[in-house]
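**Q** The structure under discussion is supplied below as structure tokens; questions concerning it will follow.
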Amino acid sequence: MIFVTNNSHKLQEVSAMLGGKINLQSLRDIGCMDDIPETAETLEGNALMKARYIYEHYGTDCFADDTGLEVIALGGEPGVYSARYAGPGHDSEANMQKLLANMEGKSDRRAQFRTVIALIKEGREYLFEGIVTGCIMEEREEGEGFGYDPIFCPDGYKHSFAYLGDEVKNRISHRARAMEKLVEFLGRE
Ligand code: IMP
């Protein structure tokens, strides 16, 4: 099964969740260097766009994910634009700084990470969603992970995803929840 990603953190996270049940290959593993378009205006649209691209070019069962950080006080921003919030450079540091600046003075700091996975199996398309709710911290707390992990505190915890580390994150994260649904579905097939 191909996981349509170049993000080694994600591949590691998802492989750990699958516990060796499915042999995952990344874009690098299949020699795909293409710049796959992600121009839809929703997470669902982008996940489908990526999966369809690989299915059409390689004819192999595959899945793609798209994730956004949705902040209530910012009307759901950065959402589908999470990777490019501070500009086209996909710069996590700049993205976090912009988000913290936009949250200054806001008392409602509730937010959620939402992942949508699009699976194409034998030509059929399926969508799976995973959400983790939490809040945007006033200050960053470094550790493991990537992206907005240093400033997102999941509900039920007092620390950032980065500080909590991969072991905790992989159990409760948006991606873990969407992946659980995918794995359950694949197990039933
Ligand atoms: P993607 O489209 O799924 O790669 O996610 C878009 C952006 O959301 C990424 O570039 C990250 O900035 C952010 N993001 C996605 N997943 C996570 C996560 O698990 N932790 C922190 N940030 C994330």
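Each reported figure results from applying straightforward, stated rules to the coordinates on display, with no laboratory input. Here the structure is a predicted model, which means the values were calculated and not measured. Here the Cβ positions follow ideal geometry from the backbone for every residue, glycine too, while neighbour counts run over all protein chains shown.
**Q** Under a GNM of the chain (C-alpha, springs under 10 Å), which listed residue has the highest mean-square fluctuation: Ala83, Ala40, Ala101?
**A** For the chain, modelled as a Gaussian network with Cα springs under 10 Å, the answer is Ala101.
**Q** List Asp108, Asp61 from most exposed to least, where exposure is judged by having the fewest other Cβ atoms within 10 Å. It would help to have the intermediate numbers written out before the result.
**A** Working: Asp108 12, Asp61 17.
Ascending Cβ contact count within 10 Å gives the list Asp108, Asp61.
**Q** Once both labels are modelled 7 Å past Cα along the beta-carbon direction, what's the Thr42-Glu56 spacing in nm?
**A** Label at Thr42, label at Glu56, 1.9 nm between them.
**Q** Please report the equivalent ellipsoid semi-axes of the chain, computed as sqrt(5 x eigenvalue) of the Cα gyration tensor, largest first, in whole Å. Could the numbers behind the result be given before it?
**A** On the way: eigenvalues 160, 65, 42 Å².
Value: 28, 18, 15 Å, ordered largest first.
**Q** Across the chain, how many lysine pairs, 8 or more positions apart or on different chains, have C-alpha atoms separated by under 16 Å? Please give the number. If you can, show how the numbers build up before the last one.
**A** On the way: Lys10/Lys50; Lys10/Lys169; Lys21/Lys181; Lys50/Lys121; Lys98/Lys106; Lys121/Lys181; Lys158/Lys169.
So the count of such lysine pairs works out to 7.
**Q** Here is a follow-up. Mind checking region 1-69 for trypsin sites (Lys or Arg not before Pro) that DSSP puts in a loop (not H, G, I, E or B) and that have at most 16 other Cβ atoms within 10 Å?
**A** Those satisfying the criteria are Lys21, Arg28.
**Q** What Kirkwood hydrodynamic radius do you get for region 1-45 when you take the inverse of the mean 1/r over all pairs of distinct Cα atoms, in Å?
**A** Values: mean 1/r = 0.0850 Å⁻¹.
Its Kirkwood hydrodynamic radius stands at 11.8 Å.
**Q** Something else: Work the Kirkwood hydrodynamic radius out for region 80-189: mean of 1/r over every pair of different alpha-carbon atoms, inverted, in Å.
**A** Details: mean 1/r = 0.0661 Å⁻¹.
Answer for region 80-189: a Kirkwood hydrodynamic radius of 15.1 Å.
**Q** Let me have the 222 nm mean residue ellipticity of the chain computed from DSSP H runs of 4+ only, each contributing -39500 (n - 2.57), with the sum over all residues rounded to the nearest 500.
**A** Details: 6 runs with 64 residues, N = 189.
Calculated mean residue ellipticity at 222 nm is -10000 deg cm²/dmol.
**Q** Here is a follow-up. For region 100-139 and region 6-84, compute the distance between their C-alpha centroids and round to whole Å.
**A** Centre-to-centre (Cα) distance: 14 Å.
**Q** So, one more: Please go through region 94-186 and write out the trypsin sites (Lys or Arg not before Pro) that DSSP classes as loop and that have at most 11 other C-beta atoms within 10 Å.
**A** Here the sparse-neighbourhood loop sites are Lys158.
**Q** Just to confirm the filter: which GluC sites (Glu not before Pro) across region 2-105 are DSSP coil and have at most 13 other Cβ within 10 angstrom of their Cβ?
**A** Details: sites: Glu13, Glu38, Glu41, Glu44, Glu56, Glu70, Glu93, Glu104; in loops: Glu38, Glu41, Glu104.
Of the GluC sites (Glu not before Pro), the ones in loops of region 2-105 whose Cβ has at most 13 other Cβ atoms within 10 Å are Glu41, Glu104.
**Q** Moving on to the next point. Give me the number: length gained by fully extending Asn23 to Glu144, i.e. 0.36 nm times residue separation minus the C-alpha to C-alpha distance, one decimal in nm. Can you show the working numbers first?
**A** On the way: separation 121, 0.36 × 121 = 43.56 nm, distance 2.47 nm.
Extending this stretch completely gives an extra 41.1 nm.
**Q** With a Förster radius of 35 Å, plug the Cβ-Cβ distance of Glu125 and Ala101 into 1/(1 + (r/R0)^6) and report the FRET value to the nearest 0.05. Show your work: numbers first, answer last.
**A** Working: r = 39 Å, r/R0 = 1.10.
With R0 = 35 Å, the Cβ-Cβ based efficiency is 0.35.
**Q** Compare Ser92, Ser173, Ser107 in a GNM of the chain, Cα atoms joined below 10 Å, and give the one with the largest fluctuation.
**A** Most flexible of the set in this elastic network: Ser107.
**Q** For a quick check: with amide H placed at 1.01 Å from N, whose amide H comes under 5 Å from Gly76's, ignoring anything fewer than 5 positions away on the same chain?
**A** Val71
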